[in-house]
1. Given the conditions (1) in a loop (DSSP other than H, G, I, E, B); (2) at pLDDT below 95, and given that residue 242 satisfies all but one, which numbered condition is not satisfied?
2. Can you find even one residue in the stretch 197-205 that is at pLDDT 95 or above, over 17 Å from the mean Cα position of the chain (by Cα), on the phi > 0 side of the Ramachandran plot and part of a loop (DSSP other than H, G, I, E, B)?
3. Please tell me if residue 45 is in contact (Cβ under 8 Å) with a residue 60 or more places away in the chain, surrounded by fewer than 18 Cβ atoms within 10 Å (Cβ to Cβ) and outside any strand (DSSP E or B).
4. Could you figure out which of (1) crowded, with 23+ Cβ neighbours inside 10 Å; (2) more than 30 Å from residue 182 (Cβ to Cβ) isn't true of residue 145?
5. Could you run through the stretch 100-114 and say how many residues are in contact (Cβ under 8 Å) with a residue 40 or more places away in the chain and either in contact with a helix residue (DSSP H, G or I) (Cβ under 8 Å, 6 or more places away or on another chain) or surrounded by fewer than 20 Cβ atoms within 10 Å (Cβ to Cβ) (or both)?
6. Within the stretch 173-185, track down each residue that is touching a residue at least 60 places away in the same chain (Cβ under 8 Å) and under 23 Å from residue 154 (Cα atoms).
């Protein structure tokens with residue numbers, strides 16, 4: 001990346017020293033949270049069930065214990081200070097570095113392609129792709145540790161904007177254009193490098209999974225249609241606002 005274009009990480013990813021520091025920090029920060037397994041059920045967007053994992057609940061921005069750093073990384077207006085973005089990216093990467101090997105162990109995977117669900121808008125700058133940078137940092141750290149993971153972060157690319165589904169209310173000075181999720185929207189609005197996916201197992205990574213939105217379901221189906229032998233899903237957080245209400 002060119003720093004002048006807005007760079008969150010170097011070509012080698014965030015410093016592994018920083019990653020190790022944040023792994024130590026996050027092991028304390030997330031004490032009491034255990035990665036959970038769940039099933040993404042088949043529906044109009046997805047032809048069959050998919051195994052998923054997440055680390056913690058998303059209970060609402062600003063609420064105690066919520067992973068607000070995932071919101072920070074979205075950086076809709078490109079107004080967040082680079083140091084704040086880098087810190088947020090390191091927090092997300094630290095959890096993934098901790099969790100992805102456990103996912104592979106649980107699923108009996110010797111090798112996997114790691115891919116990130118693409119942002120909803122095309123043409124976003126690097127400062128708005130902090131979560132993708134975190135996935136790349138995770139890949140570098142896991143590869144350095146000898147894990148057989150393949151960088152698939154460029155195997156899917158959004159060429160046509162879709163509606164941002166995480167915006168629950170209108171935002172001033174921002175026009176949220178594009179289609180709402182519909183079956184096949186990923187294939188219609190993204191380029192997918194089928195030749196690198198065919199016959200492989202993919203771990204598809206997203207920042208937040210929200211049931212009924214169906215962005216992740218459609219992306220999983222698109223990877224199967226592109227020839228993936230198997231897709232396992234992982235999200236840092238799972239939307240569950242009721243968890244905050246009941247004190248979970």
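1. The failed condition is (1).
2. Yes, some residue in the stretch 197-205 is at pLDDT 95 or above, over 17 Å from the mean Cα position of the chain (by Cα), on the phi > 0 side of the Ramachandran plot and part of a loop (DSSP other than H, G, I, E, B).
3. When the stated conditions are applied, residue 45 does not pass them.
4. Against the list (1) crowded, with 23+ Cβ neighbours inside 10 Å; (2) more than 30 Å from residue 182 (Cβ to Cβ), residue 145 comes up short only on (1).
5. The number of residues fulfilling the criteria is 10.
6. Within the stretch 173-185, 181, 183 qualify.
The values are calculated or read from the model by the stated rules, or taken from the named source; none is laboratory data. Since the structure is predicted, the reported quantities are computational estimates derived from the model, not experimental observations. Heads up, the Cβs are rebuilt from the backbone with ideal geometry, glycines too, and the neighbour counts pull from every protein chain shown.
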